[in-house]
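What follows is a short report on a single structure.
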Amino acid sequence: MKILIASVFGFNSYSRGIMPDVLQSVLDKNPEADVYYLTNSQSFKLCYFNLEKNPANCYRCKTGIKNALELIDGKFTHLHINHIVSKEDLKRAANFFAGKEIINLDQKFEEFEVGEATLSTYISRTRDRELIYVQQDFVKELATNAVALYLGMKRFLKEYKINVVYNFNGRQDYVRAIFKAALACNLDCYNVEQARPGGYLEFFKNVLTHNISAKKDLIDSCWENSSLSHEEKIEIGKKFFKKQRSGSSVIFPSHIKNQTSKLLPLNISEGKENIVLYTSSDDEFAALGEDFNNPLFKDQFAGIHFLVELIGKKFPEKKFYIRMHPNLYGLQFDYVQSIRDLNGKYPNIFLIYPEDKIDSYALMDKASKIITFGSTIGLEATFYQKPSILLGKSFFYYSDVTYTLKSKDEIESLLRKPLIAKSKISALRFGFYYLQGGKKAKYYSQDKVMGEVILKGKKIPTLSLKDRIIIQLLNKAYNIFNTERD
C-alpha cells in the first residue's frame, strides 16, 4: 500500500493539526505502508494564506510543519512541493496562461478547473465577487503554480504507484490541483475537513467538502445511525438552534453581539404582512461550479433586484425588509452599493444595513415568510416554524427544509398565498449533526472554530524563542522593504 497525505497549508489554517492527525492515524493503521507527506514548505512563496509573500509567514509555516512532524511516530517520507514540481511543469503552466490577461471562472487545464479553484481563493481573500480587480499579478501566479502542481502531482502519483490520497478541503487552487490530479489518475481521494470543534473530522470521498449531496448523506447518516433515542436527538438538535440565537455560536459566526436585543425597525407592521430577506455572505461558495450554481438567478444580487421589482409593483400591501449580512459592512464594491440603493425604491421596500443594530431574530419573529439565498438563518427559520423560501443553493437544498423552486416564475405564487413551515424535524437533523457529527480525531483537537490547534497535547505551531525572534526580524525587514518600495 502506498499512501499520499497532502498538507499544503501549514500557516493560519487548522489543517496544520488535522493533516498530521491523518498522517499518524494512517501510520497506526498501515505500519507497513509506504506513506508520503506533502507540504508546501516555501516551495511556492505565494499561497492562500500569504498573498503578500511575506517571508516571515513562510518561515512560520515551514518551522511549524517541521515541529509538528517531530511529534509523529512511524516511518514516512516528507516531501516538499518542489520535490515533485519540475521546471518543465512550471514552464508548461506559464505557457498555458501566456497571452491570457485575466483568469476566468471557466478556464480549465485538462479536467482541472483552475479558474474556479484560483478565483475561489481570490474572492475569499478580496471579497471582490464581481472580479473587478482580478488582473492583479498574484492571481495569475496562483493559477500558474496550481497547474504546475497538477502536472507534477499526476506524474508523481503514477511513478510512485500511489494507491490512495488524503487531501485537505480541496476547494482552492493548490489543494484542488491535488484533488483533480488524483481523480485524473483514477485514485480515491479523501478531502478532509473539520466537522465541528472538539477535534471532529469529515471525510469526503472523491468529491469536494462542499458537495451538497455528500454533506446530506453525512447529516442523514448521523441522525439515523445514532444510538440515542428520538427524543434525545431532538433535544440535542434544539440545543444547536438555541445556541445560535443566544450568540454562543458552535460552527457559524454569530453577529448577535453587535445587535441590540429585540430592536426592530420603527416601521415594522403589526397589521400588514412582513416578508424578510436575509442576504448571504457567500464568498466561500462563489466559485464552486455546478453544485452551487444558483438555478434561478445569476447570483443573489440579481435575485434581490428581481424581488424588489416584484414586491414593489405587485404586492404594495406587503412590507419587504432586506437584512444585509453584517459581513458586508465596510465593503465598497458596486454590488454592495447596488443593494443599499434599493432602500425606498418603492414605499414598501426597506433596507437594514450591515451596521444596523436591528435584532435579526426579533425581525424573523415578525415575519410571515423568510427568504434566503443559502444563509443558515433559512434553516433556523424552519426550526422556529417560519415558512422559509430558498432562492439559491445551500447544504440544506435537498433536505426539504425550505421551499425550493424549479423556476423563478414560482416566486410570485409563493409570495401571494399563505405558507406553512416545513417540518421542524428536517431542521433538527442539521442541528443534531452540528453538535454530534463527524469522526473524532485521535490526536488533533480544537475547542472552537478559531481556537488553538492542539496535536498530541501540544499547541501547533510550537515555536522556540529563536523562531519567534527570527519571525519578528523577517517581519520588520519585510515591512521596511515594502515601505521603501511604495
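Say whether the condition of being modelled with pLDDT of 95 or more and surrounded by fewer than 20 Cβ atoms within 10 Å (Cβ to Cβ) is met by at least one residue in segment 375-386. The answer is yes; a qualifying residue exists.
Within segment 117-135, identify whether any single residue is in the same structural domain as R16 (by TED's automatic domain parsing), over 24 Å from the mean Cα position of the chain (by Cα) and crowded, with 22+ Cβ neighbours inside 10 Å, and answer yes or no. Scanning segment 117-135 turns up no residue that is in the same structural domain as R16 (by TED's automatic domain parsing), over 24 Å from the mean Cα position of the chain (by Cα) and crowded, with 22+ Cβ neighbours inside 10 Å. Filtering L183, L142 for residues that are among the aliphatic types (A, V, I, L, M), within 14 Å of E111 (Cα to Cα) and not in a loop (DSSP other than H, G, I, E, B) leaves a single hit, L183.
Yes or no, residue by residue, for (1) assigned to a helix (DSSP H, G or I); (2) within 13 Å of Y433 (Cβ to Cβ); (3) among the charged types (D, E, K, R):
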residue: A195; (1), (2), (3): no, yes, no
residue: V207; (1), (2), (3): no, no, no
residue: K215; (1), (2), (3): yes, yes, yes
residue: I219; (1), (2), (3): yes, yes, no
residue: F241; (1), (2), (3): yes, yes, no
residue: S249; (1), (2), (3): no, no, no
residue: P253; (1), (2), (3): no, no, no
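Can you list the helices (runs of 4 or more DSSP H) lying wholly within segment 42-108 that have 3 or more residues being touching a Lys or Arg at 6+ places or on another chain (Cβ under 7 Å)? Explain how you work it out, then say what you get.
Details: elements: 55-69, 81-84, 87-97.
By residue number, 55-69.
Can you find, within segment 3-39, the residue that is nearest to the chain's Cα centre (by Cα) among those that are crowded, with 24+ Cβ neighbours inside 10 Å and either free of Cβ contacts under 8 Å to residues at least 12 places away in the same chain or assigned to a strand (DSSP E or B) (or both)? This residue is S7.
Only one entry of K298, K313 meets the criterion of being without any contact (Cβ under 8 Å) to a residue 60 or more places away in the chain, more than 29 Å from G247 (Cβ to Cβ) and within 21 Å of the chain's Cα centre (by Cα), and that entry is K298. Once segment 147-180 is narrowed to residues that are charged (D, E, K, R) and in contact (Cβ under 8 Å) with a residue 60 or more places away in the chain, the residue that is surrounded by the fewest Cβ atoms within 10 Å (Cβ to Cβ) is K161. Within this structure, L183 passes the test of being at pLDDT 95 or above, at negative phi, in the same structural domain as N145 (by TED's automatic domain parsing) and surrounded by fewer than 20 Cβ atoms within 10 Å (Cβ to Cβ).
The values are calculated or read from the model by the stated rules, or taken from the named source; none is laboratory data. All of these numbers come straight from a predicted model, not from anything done at the bench. Using ideal geometry, Cβ is built from the backbone for each residue, glycine included, and neighbour counts are taken over all protein chains shown.
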